[in-house]
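Have a look at the structure below, then the notes.
The values are calculated or read from the model by the stated rules, or taken from the named source; none is laboratory data. None of the values given here were measured: they were computed from a predicted structure. Because the Cβ atoms are built from the backbone with ideal geometry, glycine has one as well, and the counts that use them run over all protein chains shown. For the accessible areas, the whole protein counts, side chains as well, though only heavy atoms, and no ligand, DNA or RNA atoms are used. Shrake-Rupley method; radii C 1.70, N 1.55, O 1.52, S 1.80 Å.
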Amino acid sequence: MGTEIQLTIAGVSLSYAKNHIGVDFGFLFQDGDTARRKLDGINYEYYEDHPEEAADLDEFEEVFARPLSRVLPRLHLLGFTIETARAEYEAVIAEAQEIDSYRTPPEEPNLLTFDEYCCLACRYPLSTLNDGAEFDDDERAKGKLVSDEDFQRLPWTENSNTFWSETSYFGAKVAILSASSMLLVFALNPANLSVDVVWEFGPLVHSGWEPRNLFQPGARRNQKVLVATEGASDARIIKRALDILRADVADFFSFVDVDERHHFWGTGNLVKFAEGLLRIDIHNKVLFVFDNDAEGVDAYKKLDALNLPPNMRSMLLPKLDEFRQFPALGPEGINITDINGRAAAIECYLDLNLPNRPPAQVRWSNYKKDIDAWHGALEFKETYQRHFDKQPSEALREGPYETLKLLKLLDSLIAEAALLIPSVSEVI
């Protein structure tokens, strides 16, 4: 008979393998997602009769479980979108139509469009499907789904007639795309976002088909991005912000010397570091991050001229509307000006409205001839950084309006990283 391993959501099977790991879905989960679930295939009456073996049940029921809402950011970072699901569905439709064309006479195609398919998939919240009983009679097994004719307009698969309950019927008919695409489709119904995605690996380990250490949560090595910044403070700020404000994807990022000395302080040395990596043909994925100031723009352009390979990218901290009218001190006194691309270092993305402090301002310092722009720096920037470092995690999550700037920085970073991480075809 063998032992199955499944990825499920609310009992709907999205992927399975027998007697081996199949697709490694550990990347969907993080540390802390280990749980126990009652699973099909476990003889619970046996364990009731043999309480001395209760510890054995711990291994048997072990799974990774995570709400769909917290799986989505990981899928998006890896390049999965509803449009990739659309393309996959249309390929399934094309194959079904080709098969129909060989029939005599050909059947009139009346298959659901992708939008209609999504409507059907989201018509019934997953948590409302009945999986509590098994029926030999197909019509009774379909439950409340029996009268929905749209199920008959779905492409036929080898599992279409393998069902015994509402949940299994729904899964057999609707779950015809890859697991990642199905999760994106189900997420279109807000009622499904709180439902757990579960990787049921315990039975496979318990039966001895695979070792437990093969099942680990977290981003895989080929999915991680090394973030290289101008200085250690930049790395510490970004890392802490990711850990608190974008925790669901923080494990996809690593940093150079976050807690130790920084080997390439400043933009010039960061460019030299990139040149060194190019010479040794490193294959790791690296994202070089420059401040949104004149020196950062100058270095960014120099790095762009190096024609970085596909595993390397560079970015400037994002331009923000908040910086378009910012106090700046120069030879003619204080003026309100746009500091984007001229003086917006990473500290400008922190909370600048500190108690007992005058309004934040930048000071112009030197002229960058190559880009025809003055470079400036935020005055007392260490003060704002120390304030950020001292803030409890809860205060940052519920932070003031200024925190929105930091969120925009992180989302810009994540978007750049998504262009480096393996394509969909490489992940699954």
For Lys302, counting only lysines whose alpha-carbon sits under 29 Å away and dropping same-chain residues fewer than eight positions off, the answer is Lys224, Lys239, Lys272, Lys285, Lys319, Lys368, Lys369, Lys381, Lys405, Lys408
Heavy-atom accessible area of Arg123, protein chains in place, probe 1.4 angstrom, given in Å² to nearest 10, is 100 Å²
Charge tally for neighbours of Gly22 with beta carbon under 12 Å away, counting Lys, Arg as +1 and Asp, Glu as -1, is -3
With Ile176 itself left out, Lys, Arg at +1 and Asp, Glu at -1 over residues whose Cβ is under 13 Å from its Cβ give -2
Regression test value, accessible area per residue of the chain, probe 1.4 Å, units Å², expected 50 Å²
Note on the chain: alpha-carbon gyration tensor, axes a ≥ b ≥ c; rule is a/c under 1.5 for rounded, else prolate if a/b larger than b/c, else oblate; result prolate
Percent of all Cα-Cα pairs per 10 Å bin for the range 140-229, counting from 0 up to the last occupied bin, reads 12, 29, 33, 18, 6, 2, 0
Straight-line reach check, Lys144, cutoff 19 Å on alpha carbons, 8 or more apart in-chain or any other chain, hits among lysines -> Lys173
Among beta bridges assigned by DSSP with both residues in the chain, the antiparallel ones amount in percent, to the nearest 5, to 65 percent
Output ordering of 172-179, 268-275 (per-residue mean of other Cβ within 10 Å, highest first) is 172-179, 268-275
Given 297-306, 226-235, 86-95, the highest-first ranking by average Cβ count within 10 Å works out to 226-235, 297-306, 86-95
Expressed as a percent, the accessible surface of the chain that is carbon or sulfur, using a 1.4 Å probe and the full set of protein chains, is 49 percent
What helix-only [θ] at 222 nm does the chain give? Using -39500 (n - 2.57) per DSSP H run of at least 4, over all residues, to the nearest 500, the answer is -10000 deg cm²/dmol
